[in-house]
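Trainee: I have a structure here, written as structure tokens, and I will follow up with some questions on it.
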Amino acid sequence: MNDMLSFMDGLNPEQQQAVMTTEGPLLVLSGAGTGKTRVLTTRIAYILAQQLALPWQILAVTFTNKAAREMGERLEKMVGEAALGVWLGTFHRIGVRILRKYGGLVGLQQNFAVLDSDDQERLLKNLMVQYGVDVKKFAPKTMLEIIERWKDRGLPPEAVTHAEDSEFCEGRALDFYKLYQNKLREMNAVDFGDLLLLPLELFKNNADVLAEYQNQFHYILVDEYQDTNVAQYMILRLLARGHNNICCVGDDDQSIYSWRGADVDNILNFGKVFPDAKVVRLERNYRSTAHILGAASALIANNQGRLGKTLHVADEEGDAGHLVVVQGYWNGAQEAEKVIEQVEDRLRQGVKLSDMAILVRAGFQTREFEDVLVKVGIPYKIIGGFKFYERQEIRDAVAYLRLVLNPNDDLAFVRIVNVPRRGIGEAVMRILQETAQTNHCSLFEAITKADLKPAPKKTLMGFSEQILRWQEHSKNLSPEDLCKEIMSESGYLMMWQLDKSAEAEGRVENIHELFNVLGSGEFESIEQFLEYASLLTENDEAAVGDQLIVMTLHASKGLEFDTVFLTGWEEGLFPHQKAIDEDGEAGLEEERRLAYVGLTRAKKLAFISYVSNRRVYGQWQNSLPSRFIDELPEEHIDKRGNNRMGYGAGFADVRMPWAHEKVQASTSVYSSKWKGHQVMHETFGKGVVLRESGDQIEVAFERGGIKKILARFLELI
């Protein structure tokens, strides 16, 4: 390679092919850890070095500003100042650039504003209130999400058909889409969706403008093509028409954002859209060990909707590394304790905390890990979300508990007096604060003294009576039961249950997880819990330096770690039951892709764990290992467990003869002889069998009351 092309040194043959195949449509199937960013930037540098195009004749689109910055920095090192002339940026940034020039053709002045998500929601909420919608019942955030999905599909209001309409807000969503768009134009403003929708509209209705950009961009490069939505696909298709010099880099096995509007069919159908397309598969992985890649490749091979590739280590002669550990635990608390023990072990071996990650499927799972991390003093960081006790719904619930414990807690009062909404606005609060200041009393005490109008006075007196009633009940109720009563009677839990926004389900799960905390037996009183929660917050704020990473699987995409702990691999949780219920086989395949993404984050060690019992919505539920575990090949995994636990048949049959024997014993021993006998359960203790139905045994436990338990989780005593 001559000096001018020295930036290509070190590329493997497949990467070189992807770089040097410049003419016509090209799909680069780039598996996890195969060097796609290097391929993209080197391809741009190669086109410039070969003088196939000038910098501004190259369009390179990414999905994040971070990716765009990284590509820009690498490109500048390769080609110098020429990198600055390339049209490189996110889809939205490119959209802004086009609309600044031609926005007048779609009703915009050049100085249009781009609203952030808070402004968008506030604008839509004002419109909904103006037209008589109860925004407590129909959340503006949900309405905005519906509008965003329409824009993702390239649909302006006039293009939304009856089949694509929404029943939300009594079928008025489309009306509010029209009102919202009209208001944006009046304000000379756009939202993020418009940065795709309006350039698409511009190109469709102005052939001369489209031709200008088609002639300008001789080469188009697209990063993370599997994450494109319909609008992005249509823009790319229009721009590439003619020369068809479009190179899309992506991995169909890592398409995990359908809930954001991403359409995996864009990458799966690339060959149909461009019949003469060439496909280059990047399968040499420079990140993970052979065992990790073997497990991940076998897992994802179960998906039908994929183009197909098999990852393998770049150094075939190297060490295969450690087997992927699959470990079963009794419950979530034990899982958290044992995983953190493994973290400490890796720490002693010299692995930095920031080189380790705990990955969960659902946000509520982090709580048990956080509790253990705080107890053992390991600093940690939640990526892509708040720590459990920093989440809005948990802070609100804690504020209710604080106010019940101490009605004079003004900070707690201010936080929740109007949550859920009780019609206590700024004017009422101002009167309360002035009354409290004049009478040298708390805001709670000021309720009886303040000169208020009848409606807010009645509401506040009712609120005061509730607080005092809960305070009286706190003398006899357990912390868990008190919190449940408060969350129910205040309407707080119902507020989130009725909320249709994307995060509402997670908030409900977190509130129930708080119930689990209070019902764990660790706290004898609300006072004890509140002291714990306050100290936890103080400790968190003090944590600096190297920190363990805790995040959801979705947030982990694009990252890599020395050691990864993949937790909660249980049926119903992962794959998540909601994904299967709503999207069937497509939902299951996206869940499997999520598992594949999680596994391929690990460079050296991957630990998969699941539990036999998990407390969900305040009830203990028996759970089976995820079907994904059965799809992992025996030669790449090390299955471990406790012989007092139960496993699914698939788990028992592989490398665990003792587990198979346990299941066989269960089916023969658990017969009619069980009725009336004493049994032992690891969580609920001793109990007496009341009745049985197949493998379901109904037991009256000394602690925990009457429960239905699968036979294999019980022992005769």
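Trainee: Per 0.36 nm of contour for each residue apart, how much would the distance between Glu390 and Asp345 grow if the chain were fully extended, relative to their Cα-Cα spacing? Before the final figure, lay out the partial values.
Mentor: Details: separation 45, 0.36 × 45 = 16.20 nm, distance 2.84 nm.
Length gained, Glu390 through Asp345: 13.4 nm.
Trainee: A follow-up question, please. Keeping every protein chain present and rolling a 1.4 Å probe, give me the accessible area per residue for the chain in Å².
Mentor: On a per-residue basis, the chain sits at 44 Å².
Trainee: Going down the list Lys101/Lys151; Lys352/Lys375; Lys309/Lys557; Lys686/Lys707; Lys178/Lys578; Lys338/Lys686, which pairs span over 23 Å between their C-alpha atoms? Write down the numbers at each step before the final one.
Mentor: Working: Lys101/Lys151 21 Å; Lys352/Lys375 19 Å; Lys309/Lys557 19 Å; Lys686/Lys707 12 Å; Lys178/Lys578 31 Å; Lys338/Lys686 25 Å.
Those over the limit are Lys178/Lys578; Lys338/Lys686.
Trainee: Given Cα pairs under 8 Å that are at least 6 residues apart, what percent is the relative contact order of the stretch 234-357?
Mentor: Working: 64 pairs, mean separation 24.8, N = 124.
For the stretch 234-357, the relative contact order is 20 percent.
Trainee: For the chain, just say rounded, prolate or oblate: build the C-alpha gyration tensor, square-root its eigenvalues into a ≥ b ≥ c, call rounded for a/c under 1.5, and beyond that prolate if a/b exceeds b/c, oblate if not. If you can, show how the numbers build up before the last one.
Mentor: Details: a/c = 2.05, a/b = 1.21, b/c = 1.69.
Judged from the Cα gyration tensor, the chain comes out oblate (a/c at least 1.5, b/c at or above a/b).
Trainee: In what sequence, highest mean first, do 70-80, 461-471 appear when ranked by Cβ atoms within 10 angstrom? Present the calculation step by step, with values, prior to reporting the outcome.
Mentor: Details: 70-80: 17.1, 461-471: 15.3.
Taking the mean over residues of other Cβ atoms within 10 Å, the ranking is 70-80, 461-471.
Trainee: Further, regarding this structure: Using only protein heavy atoms and a 1.4 Å probe, report how much of His218 is accessible, in Å² to the nearest 10.
Mentor: Estimated to the nearest 10 Å², His218 gives 60 Å².
Trainee: Students often get this wrong: which residues of the stretch 163-189 have the backbone nitrogen under 13 Å from the point 7 angstrom along Cα-to-C-beta of Asp134?
Mentor: Label zone hits: 169-170.
Trainee: Run the dipole for the stretch 196-276 about the Cα centre, Lys and Arg Cβ at +1, Asp and Glu Cβ at -1, nothing else charged, and hand back the magnitude in debye, nearest 20. Working shown, then result.
Mentor: On the way: 5 positive and 12 negative charges, 62 e Å.
Its charge dipole is roughly 300 debye.
Trainee: I would also like to ask the following. Near the amide H of Leu624, under 5 Å away, which other amide H atoms are found, from residues 5 or more places off or on another chain, if H is placed in the peptide plane?
Mentor: Here Glu571 satisfy the definition.
Trainee: Of the options Gln16, Leu605, Leu553, report the single residue whose Cα projects farthest towards the positive end of the charge dipole of the chain (beta-carbon charges: Lys, Arg +1; Asp, Glu -1).
Mentor: Leu553
Trainee: Moving on. How many angstrom lie between the Cα centre of the stretch 62-141 and the Cα centre of the stretch 241-283?
Mentor: 23 Å
Trainee: Just flag the chymotrypsin sites (Phe, Trp or Tyr not before Pro) in the stretch 320-425 sitting in loop per DSSP whose Cβ has no more than 16 other Cβ atoms within 10 Å.
Mentor: On the way: sites: Tyr329, Trp330, Phe364, Phe369, Tyr380, Phe386, Phe388, Tyr389, Tyr400, Phe413; in loops: Phe386.
Qualifying residues, ordered by number: Phe386.
Trainee: For every helix of n ≥ 4 consecutive DSSP H residues, a contribution of -39,500 (n - 2.57) applies; sum these over the chain, divide by its total residues, and give [θ] at 222 nm rounded to the nearest 500 deg cm²/dmol.
Mentor: Values: 30 runs with 335 residues, N = 717.
Mean residue ellipticity, 222 nm, calculated: -14000 deg cm²/dmol.
Trainee: Another question, then. Take peptides 510-516, 600-606, 166-172, 564-570 and line them up by average Cβ neighbours within 10 Å, highest first, as a rough protection proxy. Before the final figure, lay out each step's value.
Mentor: On the way: 510-516: 22.1, 600-606: 25.3, 166-172: 14.4, 564-570: 27.3.
The most tightly packed comes first, giving 564-570, 600-606, 510-516, 166-172.
Trainee: Going through the stretch 323-424, which trypsin sites (Lys or Arg not before Pro) have at most 16 other Cβ atoms within 10 Å and a DSSP loop state?
Mentor: Values: sites: Lys338, Arg346, Arg348, Lys352, Arg361, Arg367, Lys375, Lys381, Lys387, Arg391, Arg395, Arg402, Arg415, Arg421, Arg422; in loops: Lys352, Arg361, Lys387, Arg391, Arg421, Arg422.
The qualifying sites are Lys352, Arg421.
Trainee: Once each part is reduced to its C-alpha centroid, what is the distance from the stretch 449-463 to the stretch 296-335 in angstrom?
Mentor: A separation of 61 Å, based on Cα centres.
Trainee: Related question: Please name whichever of Ala336, Ala357, Gln433 sits farthest to the positive end of the charge dipole of the stretch 296-454, dipole taken about the Cα centre and charges placed at Cβ: Lys and Arg +1, Asp and Glu -1.
Mentor: In the stretch 296-454, that residue is Gln433.
Trainee: Quick check for me: using +1 on Lys/Arg Cβ and -1 on Asp/Glu Cβ, what's the dipole size of the chain about its Cα centre, in debye to the nearest 20? All intermediate terms of the calculation are to be shown ahead of the outcome.
Mentor: Values: 82 positive and 103 negative charges, 141 e Å.
Dipole of the chain, to the nearest 20 debye: 680 debye.
Trainee: With the dipole of the chain worked out from charges on the C-beta (+1 for Lys and Arg, -1 for Asp and Glu) around the Cα centre, which of Gln130, Met487, Leu202 lies farthest toward the positive end?
Mentor: Gln130
Trainee: OK, next. Subtract the Cα-Cα distance of Met429 and Leu690 from 0.36 nm times their separation in residues, and report this length gain in nm to one decimal. Can you show the working numbers first?
Mentor: Numbers: separation 261, 0.36 × 261 = 93.96 nm, distance 5.63 nm.
Gain on extension, Met429 to Leu690, equals 88.3 nm.
Trainee: Please give me the summed charge of the neighbours of Ile98: other residues whose Cβ is under 15 Å from its Cβ, Lys and Arg +1, Asp and Glu -1.
Mentor: On the way: positive: Arg93, Arg97, Arg100, Lys101, Lys204; negative: Asp194, Glu201, Asp208, Glu212.
Net local charge, Ile98 excluded: +1.
Trainee: Check the straight Cα-Cα distances from Lys77 and name the lysines below 21 Å, setting aside those fewer than 8 residues away within the same chain.
Mentor: Cα-Cα hits under 21 Å: Lys36, Lys66.
Trainee: Leaving ligands, DNA and RNA out of it, report the carbon-plus-sulfur percent of the accessible area of the chain at a 1.4 Å probe.
Mentor: Numbers: 15300 of 31430 Å².
Reported share for carbon and sulfur atoms: 49 percent.
The values are calculated or read from the model by the stated rules, or taken from the named source; none is laboratory data. Predicted model only: the values in this text are computed from it and were never measured. Virtual Cβ from ideal backbone geometry, glycine too; neighbours counted across all protein chains shown. With ligands, DNA and RNA removed, areas are computed over all heavy atoms of the protein, side chains included. Shrake-Rupley method; radii C 1.70, N 1.55, O 1.52, S 1.80 Å.
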